[in-house]
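A.B. asks: Handing you a structure now.
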Amino acid sequence: MRRADASAAQWEHGAAGEEITVRMLAALKARGWVIRHDLRLRGRRFNVDHVLCSPCGTAVVVLDTKSWHRGRPTSLIRGRVCCGAEDRHEEVEKVVKYARLVEAALALPGVAVWPLLVVHGSPVAGGQLEARVQGWDGPVYVLGPDRLVPRLAGAPKARDSQRAAAVAQRVDSVLLPYTEPG
């Protein structure tokens, strides 16, 4: 019974972090971003917390929200993302896996799919980390909440509303609303 209670509390804590992220991302809609929450790929059991289509129509962001211990800073230790002394790098690897699967499912030439992690609770060293995952070109950003919207808002310099709408339509046709596997 205690395990079930602990699991439920952990799930609630994570859901609260996701809801905070949802509210924060709403500011990007006025800048032309199309944002979807709590999705899945056909035939897969995992959920994708947030998918963002850029206003330029050339990028999709697969964003995972984490709620980690407030008293333990998130930092890089020997190239791995840790919350305090606890290794959490598998969470970075998971969001890369999700981004790869979404990219393959979308099959949109010229559209980059980027993994991103936002951490609530635990202070992220310097506000952001640049983590590396074997087999992934470039960094995977791990951001504190205060860096999330400014980082995304500053990314697209141009807009292509037709291309962005086509990318969003493809996301909507490939990714489904997540429902608990039962």
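A.B. asks: For the chain, which whole-number percentage of the solvent-accessible area (1.4 Å probe, protein heavy atoms only) is attributable to carbon and sulfur atoms?
C.D. replies: Answer for the chain is 51 percent, counting heavy atoms of protein chains only.
A.B. asks: Among 81, 114, 98, flag the residue with its Cα farthest along the positive direction of the charge dipole of the chain, charges on Cβ as +1 for Lys/Arg and -1 for Asp/Glu.
C.D. replies: With unit charges placed on the Cβ atoms, the residue in question is 114.
A.B. asks: Among the DSSP beta bridges whose two residues both lie in the chain, what percent are antiparallel, rounded to the nearest 5?
C.D. replies: Working: 22 of 35 bridges.
So the antiparallel bridges in the chain amount to around 65 percent.
A.B. asks: Further question on the same structure: Classify the chain as rounded, prolate or oblate, taking a ≥ b ≥ c as the square roots of the eigenvalues of its Cα gyration tensor: rounded when a/c is under 1.5, otherwise prolate if a/b is larger than b/c and oblate if not.
C.D. replies: Details: a/c = 1.64, a/b = 1.34, b/c = 1.22.
Since a/c reaches 1.5 and a/b is larger than b/c, the shape of the chain is classed as prolate.
A.B. asks: Here's something else I'd like to know. Using a Förster radius of 30 Å, what is the FRET efficiency between residue 42 and residue 20 based on their Cβ-Cβ separation? Nearest 0.05, please. Can you show the working numbers first?
C.D. replies: Values: r = 29 Å, r/R0 = 0.96.
My answer for the efficiency is 0.55.
A.B. asks: Kindly report the accessible area of segment 38-95 per residue (heavy atoms of protein chains, probe 1.4 Å, no ligands, DNA or RNA), in Å². Walk me through the numbers before you get to the answer.
C.D. replies: Numbers: 2560 Å² over 58 residues.
Each residue of segment 38-95 exposes 44 Å² on average to a 1.4 Å probe.
A.B. asks: Quick check: from the Cα gyration tensor, does segment 84-156 come out rounded (a/c under 1.5), prolate or oblate? Don't skip to the answer; put the middle values down first.
C.D. replies: Details: a/c = 2.36, a/b = 1.38, b/c = 1.71.
Oblate, because a/c is 1.5 or more while a/b does not exceed b/c.
A.B. asks: Using only alpha carbon pairs under 8 Å that are at least six residues apart, calculate the relative contact order of the chain and give it in whole percent.
C.D. replies: Values: 313 pairs, mean separation 46.3, N = 182.
Contact order relative to length: 25 percent.
A.B. asks: Given the options 87, 64, 49, state which has the largest fluctuation in a GNM of the chain using a 10 Å cut-off (strictly under) for Cα springs.
C.D. replies: Maximum among the listed residues: 87.
A.B. asks: Could you give the accessible area per residue of segment 100-173, probe 1.4 Å, as a whole number in Å²? It would help to have the intermediate numbers written out before the result.
C.D. replies: Details: 3800 Å² over 74 residues.
I get 51 Å² per residue for segment 100-173.
The values are calculated or read from the model by the stated rules, or taken from the named source; none is laboratory data. All values derive from a computational prediction rather than experimental measurement. As a convention, Cβ positions derive from the backbone with ideal geometry for all residues, glycine included, and neighbour counts pool all protein chains shown. Surface areas here come from the heavy atoms of the whole protein model, side chains and all, with no ligands, DNA or RNA. Shrake-Rupley method; radii C 1.70, N 1.55, O 1.52, S 1.80 Å.
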